[in-house]
Structures are given as structure tokens and as C-alpha cells.
Amino acid sequence: GAVVSQHPSWVICKSGTSVKIECRSLDFQATTMFWYRQFPKQSLMLMATSNEGSKATYEQGVEKDKFLINHASLTLSTLTVTSAHPEDSSFYICSARGTGESYEQYFGPGTRLTVT
Amino acid sequence: DAKTTQPTSMDCAEGRAANLPCNHSTISGNEYVYWYRQIHSQGPQYIIHGLKNNETNEMASLIITEDRKSSTLILPHATLRDTAVYYCIVRVKAAGNKLTFGGGTRVLVKP
């Protein structure tokens with residue numbers, strides 16, 4: 001099956017710093033990637049959708065200047081949390097969707113961000 | 001958006017079939033029903049999806065009612081490792097085929 005990886009799996013950073021999370025599709029080309037955020041005991045919330053080579057589309061209420069998304073290749077998307085604050089502490093999960101008729105969306109293992 | 005309604009939680013016995021219901025009464029004709037599950041602190045795992053016909057794969061079976069307003073995910077022989085939150089999602093083409101997660105059903109498989 002299709003594999004999506006994320007790096008790092010967990011990260012601790014100080015308030016005010018920026019953190020970059022990578023998402024890779026390992027065995028397929030992902031024309032579209034999605035970034036979700038999940039707070040404890042809550043469901044996944046879609047943050048943004050990115051298509052390779054295009055600007056990301058952010059969901060309502062998500063600050064595009066704070067959560068920078070780059071999808072420069074068909075196998076890599078990055079999410080940068082800029083000027084992180086403790087309230088940004090969360091589980092960030094990326095997802096990738098391939099080309100063709102199949103629209104199955106495969107998810108990465110997630111990155112747990114803790115901002116101190 | 002077509003929304004789904006699922007029970008908040010359910011228990012099932014190890015080795016028995018687990019039947020997980022989902023209501024999606026506002027689903028449109030070309031919208032698929034997807035099922036994912038999320039084991040604690042992991043990313044969601046794809047299980048199965050369907051449009052009109054019942055579907056089966058190595059993980060589960062999906063039964064969709066004739067009017068498509070509800071479906072049931074069947075785990076034929078539940079194991080302790082099937083303990084997870086199960087999400088029933090309607091993929092909305094008009095919304096760019098995004099998968100929007102609801103609350104899901106927290107399934108606890110007991111020995």
C-alpha cells in the first residue's frame with residue numbers, strides 16, 4: 001500500500017521559534033497533499049490543501065502567514081509553524097492523494113509538536 | 001457538505017463481528033463513503049470505501065443501503081488491535097474531494 005512519512009515524529013521547541021515538518025509520499029506521486037491538526041480527544045481538523053506547484057488553500061480560520069505550506073515536488077510537502085506559541089502544541093498530520101482514478105488519501109504517522 | 005452521524009462509542013467482544021453504523025442522509029449521488037480508523041497517537045488508516053455496491057477487502061466489509069442514506073462497516077473477527085476510533089466520511093466532490101472528519105466511533109474490543 002501507499003506510504004506517507006513525516007519527519008520529525010515529535011518536536012519540542014521554545015515559544016517564538018519556527019518549526020518545519022516534512023511530509024513525503026514514498027512510493028507514489030502526490031499531486032495533492034493535506035495538512036490536518038488534532039488536539040487531544042478531538043477529531044482531525046483540516047488546515048489546508050496544497051497542490052504541487054501551487055499556493056496552498058487554507059481553511060477558514062487558519063492563518064496562512066503562521067502556517068507556511070510548501071509543496072514544491074510531487075513527493076514532498078512542508079509545513080512551517082512560524083513564531084510558535086504554546087497554543088500551537090498539537091498533533092499535525094499530513095495526507096497525500098495520488099493521481100489517476102483512485103482518490104484514496106493516505107495519511108502520515110503524525111508529528112507531535114510541543115511548544116514550551 | 002454531506003455530514004455523517006456515528007455512535008460516540010461501542011464495545012465489542014474479541015473474535016466476534018463488529019458492526020459500525022453510519023448515517024449520511026444528505027449524501028449526493030456521486031459522493032463516496034469512506035471509512036478510516038485511527039489508533040491512538042497514529043495517523044488515520046484507510047479501511048475501505050464505496051459508492052453504491054457493497055464492498056469487501058482484507059480488512060472489512062462495507063454495506064451501503066439501497067437509498068445510500070446509511071452504511072455499516074463490518075469487522076468480521078474483531079481483535080484487540082482493532083481498538084481505535086473509526087471515522088465514516090463522505091467525500092464531497094464539490095468541496096474538492098476533501099475528507100472532513102467528524103467525531104467518529106470509539107471502538108473498544110474487549111477480551
Those trypsin sites (Lys or Arg not before Pro) from segment A:1-59 that are DSSP loop and have at most 15 other Cβ neighbours within 10 Å turn out to be A:LYS14, A:LYS41, A:LYS55
FRET E, pair B:GLU58, A:THR80, Förster distance 41 Å, beta-carbon r, rounded to 0.05:
0.60
Under a Cβ-Cβ limit of 4.7 Å, which cysteines in the protein assembly as shown have nobody to pair with?
A:CYS13, B:CYS12
Go ahead and collect, in residue order, the members of segment B:73-111 whose backbone nitrogen is under 19 Å from a label point 7 Å along the Cα-Cβ direction of B:GLU14.
B:75-85, B:107-111
Checking the a/c ratio against 1.5 first, then a/b against b/c, what shape does the Cα gyration tensor give for chain B?
prolate
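Most exposed first by the Cβ proxy, i.e. fewest other Cβ within 10 Å, how do A:THR116, A:THR31 rank? It would help to have the intermediate numbers written out before the result.
Values: A:THR116 10, A:THR31 18.
Arranged by neighbour count, lowest to highest, A:THR116, A:THR31 become A:THR116, A:THR31.
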Might you report the magnitude of the Cβ-based charge dipole of chain A about its Cα centre, with Lys and Arg at +1 and Asp and Glu at -1, to the nearest 20 debye?
300
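Out of the GluC sites (Glu not before Pro) in segment B:1-74, which ones are loop residues according to DSSP with at most 15 other C-beta atoms within 10 Å?
Values: sites: B:GLU14, B:GLU31, B:GLU55, B:GLU58, B:GLU66; in loops: B:GLU14, B:GLU31, B:GLU58, B:GLU66.
Listed in order of number, the matching sites are B:GLU14, B:GLU58, B:GLU66.
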What does the C-alpha gyration tensor say about the overall shape of the protein assembly as shown? Classify as rounded when a/c is under 1.5, otherwise prolate if a/b is larger than b/c, or oblate.
prolate
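Which whole-number percentage describes the relative contact order of segment B:1-105, with Cα contacts under 8 Å and a sequence gap of 6 or more? Before the final figure, lay out each step's value.
Values: 236 pairs, mean separation 36.8, N = 105.
This gives 35 percent for segment B:1-105.
My understanding is that a pair violates if its Cα-Cα distance is over 22 Å; which of B:LYS3/B:LYS110; B:LYS3/B:LYS52; B:LYS3/B:LYS98; A:LYS14/A:LYS55; A:LYS20/B:LYS3; B:LYS52/B:LYS110 do that in this structure?
Details: B:LYS3/B:LYS110 30 Å; B:LYS3/B:LYS52 17 Å; B:LYS3/B:LYS98 13 Å; A:LYS14/A:LYS55 28 Å; A:LYS20/B:LYS3 33 Å; B:LYS52/B:LYS110 32 Å.
Pairs exceeding the cut-off: B:LYS3/B:LYS110; A:LYS14/A:LYS55; A:LYS20/B:LYS3; B:LYS52/B:LYS110.
By the gyration tensor of its Cα atoms, with a ≥ b ≥ c the square roots of the eigenvalues, what is the shape of segment A:21-63: rounded for a/c under 1.5, prolate for a/b over b/c, or oblate? Working shown, then result.
Working: a/c = 2.87, a/b = 1.41, b/c = 2.04.
Taking the square roots of the gyration eigenvalues as a ≥ b ≥ c, segment A:21-63 is oblate.
For segment A:41-116, run through the chymotrypsin sites (Phe, Trp or Tyr not before Pro) and keep only the ones in DSSP coil with at most 16 other Cβ atoms within 10 Å of their Cβ. Before the final figure, lay out each step's value.
Working: sites: A:TYR58, A:PHE67, A:PHE91, A:TYR92, A:TYR103, A:TYR106, A:PHE107; in loops: A:TYR103.
In loop regions of segment A:41-116 (DSSP not H, G, I, E or B), the sparsely surrounded chymotrypsin sites (Phe, Trp or Tyr not before Pro) are A:TYR103.
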Need the C-alpha centroid separation for segment A:35-108 versus segment A:1-26, integer Å.
11
Would you work out the charge dipole size for segment B:1-92 about its Cα centre, treating the Cβ of every Lys and Arg as +1 and the Cβ of every Asp and Glu as -1, and quote it to the nearest 20 debye?
120
Using +1 at the Cβ of each Lys and Arg and -1 at the Cβ of each Asp and Glu in chain A, identify which of A:ALA56, A:CYS13, A:VAL3 lies farthest towards the dipole's positive end.
A:CYS13
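What length, rounded to one decimal in nm, is gained on full extension from B:LEU80 through to B:LEU108, with 0.36 nm per residue of separation minus their alpha-carbon distance? Write down the numbers at each step before the final one.
Working: separation 28, 0.36 × 28 = 10.08 nm, distance 0.79 nm.
Stretched fully, the B:LEU80-B:LEU108 segment lengthens by 9.3 nm.
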Tabulate in residue order the Karplus-calculated ³J(HN,Hα) for segment A:10-15, using 6.51 cos²θ - 1.76 cosθ + 1.60 with θ = phi - 60°, rounded to whole Hz; enter x for Gly and Pro.
8, 8, 10, 9, 8, 4
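The numbers here are math on the coordinates, done by the rules we state, and not lab data. Just so you know, these numbers come straight off a predicted model, no measurement behind them. Positions of Cβ are generated from backbone atoms using ideal geometry, with glycine treated the same way; all protein chains shown enter the neighbour counts.
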